[in-house]
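Working notes, structure below.
The values are calculated or read from the model by the stated rules, or taken from the named source; none is laboratory data. Because the structure is a prediction, the values reported are computed rather than measured. Every residue, glycine among them, receives a Cβ derived from its backbone with ideal geometry; neighbour counts consider all protein chains shown.
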Amino acid sequence: MMSPGRITGIAVGAVAILGIGVYGPAMLLGPLPAATVRIETTATVAAEAPPIVLPATGASAMAVLEDDGAAETVAEAGDPAPVPIGGAAKLVTLLVTLDSLPLPAEGAGPAVPIGPADYSDYVRYSAEGSRTVQVSPGEQWTERDVVRAVLLASSNNHADTLVRWAFGGVDAYVDAANTWLAEQGFSATRVADATGLSDDNVGTAAELARVAALVVADPGLSAILAESDANPPLGSRSIPDVVARPEDGAVRALTRSFTDGAGLSFVYTAELPAAEGSSDGPRTIAGAMLLMPDYETLDPAVAAAVESAASASTPVAVIVEGTRYGMVESAWGDDAALVASVTRTDAAWGSAFGEASVTVDEFSTAAAGREVGRVVVSTSTGELASPLRLDRAIRDPGPIWRLTHPAPLIEAYLANGD
């Protein structure tokens, strides 16, 4: 019979052998706890986008134009509600008429006879001091020349002549125009006549910038805007360009008018040079400034808006390669920074960038340079993102740490089993 001491020794030995056979492999081969992630919420974009400068006076807006006539509003200031738009209503007159009776690609288009009503309009508007271009009964104007008179000379009598010829009368035109505006998605712009002289012609600056985009996208209207007084198209009548302001330089006025109710109304386009470091070409902007009190307010406001737009169109580095967005640390003391893998740029047109949003995959060990997460920054045009990589490795802690730290390994084992 074995003595009690011998039995105890055998039991202790058995436990030791079992411990060596089970504990050791479990600790050495089991899963490691996941690294702890600390996001650095103070990480921001590399630079702020410069603002677009618009006047607080009146109502103003700016849009970036696409080739198809679409426009993205990038800035608004002043009164956002519908206000009288003055002669800017003539842009609607032209768009609605040409939507129904477009100018031909070649030639001057059909003849528009000048009758007694057209001459009476000329006499009446001239007596009122409104803009006119002379006509005489019995004349034959081409559609292109009537359109040129409305667009370049802001001729009120020709605006009425155009809609009488196209729609049979001003009232019929007003109905057709307001239907067209609604169909085009203009919820705030409404017209009451073809000239803009009535204060019931209303709209917002943002919608007028979109109207300007449609004018520039129309091939017939854009060709007329490109004309010079010294070189009118062959066979065309001489039409003075009273809308343009030579001192505006690169700015092309589409309409410029004054009424007692609307004040100065100015709708324009400008081409911005290609931004340095950008693969995009020149960009066209459209702007509207309404309810301006005088030219001393309007002219510097337009210059400041266009100059600031050029700066705002320059791409800004939103995410820069190597920027740190957080830290990861292992239970055994290894740590590494989470850094952006690539640089992302965006022309924000004065809009603020959103905060950086960081997501990180769960992991225990990883080599230096491994992509383990993603950073996303919202911009006015969408989201920009970059993978996040480790700037150094998180290595396996080795057998000594594993054998002497059973608690975190057991927790990791239980977590992996869930």
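Kindly provide the set of residues from segment 359-407 that are exposed (fewer than 13 other Cβ atoms within 10 Å of the Cβ) and touching a helix residue (DSSP H, G or I) at 6+ places or on another chain (Cβ under 6 Å), ordered by number.
If the condition is that a residue be exposed (fewer than 13 other Cβ atoms within 10 Å of the Cβ) and touching a helix residue (DSSP H, G or I) at 6+ places or on another chain (Cβ under 6 Å), then Pro399 is the only one that fits.
For the list (1) crowded, with 24+ Cβ neighbours inside 10 Å; (2) hydrophobic (A, V, I, L, M, F, W, C); (3) under 29 Å from Ala111 (Cβ atoms), I need the number of the one condition that Val170 fails.
(1)
Which residue, of Thr359, Thr345, is outside any loop (DSSP other than H, G, I, E, B), β-branched (Val, Ile, Thr) and under 18 Å from Pro50 (Cα atoms)? Step through it out loud before you land on a result.
Details: Thr359 fails: under 18 Å from Pro50 (Cα atoms).
Going through Thr359, Thr345 in turn, just one is outside any loop (DSSP other than H, G, I, E, B), β-branched (Val, Ile, Thr) and under 18 Å from Pro50 (Cα atoms): Thr345.
Any residue at all in segment 56-78 that's more than 34 Å from the chain's Cα centre (by Cα) and either assigned to a helix (DSSP H, G or I) or not β-branched (Val, Ile, Thr) (or both)?
Just the residues of segment 56-78 that are more than 34 Å from the chain's Cα centre (by Cα), to begin with: none.
Among the residues of segment 56-78, not one is more than 34 Å from the chain's Cα centre (by Cα) and either assigned to a helix (DSSP H, G or I) or not β-branched (Val, Ile, Thr) (or both), which makes the answer no.
Mind listing whichever residues of segment 314-347 are closer than 26 Å to Ala75 by Cα and of a type in the set (D, E, K, R)?
Correct list: Arg344, Asp346.
Could you look through segment 335-358, keep only residues that are surrounded by fewer than 21 Cβ atoms within 10 Å (Cβ to Cβ) and over 15 Å from Thr323 (Cα atoms), and pick out the one that is modelled with the lowest pLDDT?
Among them, the one singled out is Ser351.
Kindly evaluate Glu40 against the criterion of being modelled with pLDDT of 80 or more, among the charged types (D, E, K, R) and surrounded by fewer than 17 Cβ atoms within 10 Å (Cβ to Cβ). Quick ask: steps written out before the conclusion?
Details: modelled with pLDDT of 80 or more: yes; among the charged types (D, E, K, R): yes; surrounded by fewer than 17 Cβ atoms within 10 Å (Cβ to Cβ): yes.
The answer is yes for Glu40.
Read through the list (1) at pLDDT below 85; (2) under 21 Å from Leu91 (Cβ atoms); (3) not aromatic (Phe, Trp, Tyr), then give the number of the only condition that Ile224 fails.
That leaves (1) as the condition not met.
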